[in-house]
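Scroll down for the structure; my scribbles are underneath it.
The values are calculated or read from the model by the stated rules, or taken from the named source; none is laboratory data. Bear in mind the structure is a predicted one, so any value in this text is a computation, not a measurement. In this analysis, Cβ positions are derived from the backbone assuming ideal geometry, glycine residues included, and neighbour counts consider all displayed protein chains. These accessible areas exclude ligands, DNA and RNA; they are computed on the full protein's heavy atoms, side chains included. Shrake-Rupley method; radii C 1.70, N 1.55, O 1.52, S 1.80 Å.
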Amino acid sequence: MKLFYQTSFKFFLLVGIVFLFTNCEKSKQDRQNEKGIELLAEKKYESAVKHFTAIIKEDKNYLPAYFNRAIAYSYLNNNRVAIKDLNVVIGKQKFEEEAYLNRAILYENQKNYKQAIKDYSHVLNINPRNLKAYHYRGICKYYIEDYKGAIADYNHSIKIGLNSSGVYYNKAVSLDCTGDFTDAIKFYNKAITIDKKLDRAYYARGIAKLKNGDKNGAVKDIKTSVKMGYKKGSDVLKQIQ
């Protein structure tokens, strides 16, 4: 069973970094940086890369430009170069939580789950209440088949306030992988309560019910998923009906 939140995160979690100054205190780089952030907002990522590169050529120590250029590179699916820019930021120890969190996402994009876990763990050392870091670290643990570790991270994120169909679905999938179908069904229920259009949750709940001995419930759920457009369910129905 695949996770709801796949690891192909192509977008950064955070908006562009900018220093907060009054207009009279803004440096030339600050003003240029703001223009670059506007290009990001307009989804002109190649232009944004060129713009932030020009800032860096003028001032190699202006860290917001590295951070924001990494954002642009991430949208262009150039994760390797984006990581290099974040390494510069991290090396200077600025915007530490944000930089590590976003670098973790890039490592996840590359399926380098162990390195992503290290960065998420670093974020949680800085801020133990970072909901996304717990949730996304759980996803990485799932992909290295550490299902119990994934469940523990999902539990932490839920405990400190994350209430989303994604985290409940992902926890259910990991419970599924441990053979705890009864609890998996409970969390598929929670995911569906939040998002009644989550077709894959109906399908996954149906499979869990089938494994748990409830064939009638399984058929009903899988039929629902098919009606909602989840094509994979059609083949399964042919096999179990």
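In the set Y202, Y134, which member is over 24 Å from L106 (Cβ atoms) and surrounded by 15 or more Cβ atoms within 10 Å (Cβ to Cβ)? Let's see the steps before the verdict.
Numbers: Y134 fails: over 24 Å from L106 (Cβ atoms).
Checking each option against the conditions leaves just Y202.
Return yes or no: is L162 more than 12 Å from A104 (Cβ to Cβ), in contact (Cβ under 8 Å) with a residue 24 or more places away in the chain and under 13 Å from the mean Cα position of the chain (by Cα)? Before the answer, list the steps.
On the way: more than 12 Å from A104 (Cβ to Cβ): yes; in contact (Cβ under 8 Å) with a residue 24 or more places away in the chain: yes; under 13 Å from the mean Cα position of the chain (by Cα): no.
Taking the combined requirement at face value, the residue does not satisfy it.
From the list A104, A99, exactly one residue is among the hydrophobic types (A, V, I, L, M, F, W, C), closer than 17 Å to Y136 by Cβ, within 19 Å of the chain's Cα centre (by Cα) and modelled with pLDDT under 95. Which is it? Walk me through it before giving the result.
On the way: A104 fails: modelled with pLDDT under 95.
Answer to the selection: A99.
I'd like to check which helices (runs of 4 or more DSSP H) are fully inside the range 115-229 and have at least 2 residues that are aromatic (F, W, Y). Can you show your working first?
On the way: elements: 131-143, 147-159, 165-178, 181-194, 199-211, 215-227.
In the range 115-229, 131-143, 147-159, 165-178, 181-194, 199-211 are the helices (runs of 4 or more DSSP H) which contain 2 or more residues that are aromatic (F, W, Y).
Give the range 52-71 a look and list any residue that's among the β-branched types (V, I, T) and crowded, with 17+ Cβ neighbours inside 10 Å, or say none. Let's see the steps before the verdict.
The initial filter retains those residues of the range 52-71 that are among the β-branched types (V, I, T), namely 53, 55-56, 71.
Passing the criteria: I55, I56, I71.
Can you tell which of N109, N102, N87 is more than 24 Å from R205 (Cβ to Cβ) and in contact with a Leu (Cβ under 7 Å, 6 or more places away or on another chain)? Steps first, please.
Numbers: N109 fails: in contact with a Leu (Cβ under 7 Å, 6 or more places away or on another chain); N87 fails: in contact with a Leu (Cβ under 7 Å, 6 or more places away or on another chain).
Only one candidate qualifies: N102.
With surrounded by fewer than 22 Cβ atoms within 10 Å (Cβ to Cβ) and out of contact with any strand residue (DSSP E or B) (no Cβ under 9 Å at 6 or more places or on another chain) as the only criterion, which of S74, S47 stands out? First the steps, then the outcome.
On the way: S74 fails: surrounded by fewer than 22 Cβ atoms within 10 Å (Cβ to Cβ).
Answer to the selection: S47.
Report, by residue number, each residue of the range 83-120 that is surrounded by 15 or more Cβ atoms within 10 Å (Cβ to Cβ) and of a type in the set (G, A, S).
Matches in the range 83-120: A99, A104, A116.
Would you check if D180 is of a type in the set (D, E, K, R), closer than 21 Å to G166 by Cβ and open to solvent by 40 Å² or more (accessible area, probe 1.4 Å)?
Details: of a type in the set (D, E, K, R): yes; closer than 21 Å to G166 by Cβ: yes; open to solvent by 40 Å² or more (accessible area, probe 1.4 Å): yes.
Criteria met by D180.
What residue, among those in the range 205-233 that are open to solvent by 20 Å² or more (accessible area, probe 1.4 Å) and aliphatic (A, V, I, L, M), is nearest to Y169 (Cα to Cα)? Break it down into steps so the answer makes sense when it comes.
So the first thing to find is which residues in the range 205-233 are open to solvent by 20 Å² or more (accessible area, probe 1.4 Å), and the list is 205, 207, 209-216, 219-220, 223-224, 226-232.
Adding the requirement that they be aliphatic (A, V, I, L, M) leaves 207, 210, 219, 226, 228.
On the way: I207: 13, L210: 17, V219: 19, V226: 18, M228: 17 Å.
This residue is I207.
Which numbered condition in (1) open to solvent by 40 Å² or more (accessible area, probe 1.4 Å); (2) under 25 Å from E145 (Cα atoms); (3) modelled with pLDDT under 95 is the only one that V236 fails?
Just one mismatch for V236, condition (1).
Quick one: what pairs do we get from the range 46-75, first residue under 10 Å from G36 (Cα atoms) and hydroxyl-bearing (S, T, Y), second at pLDDT 95 or above and not in a helix (DSSP H, G or I), C-beta under 7 Å, 6+ apart or different chains?
none
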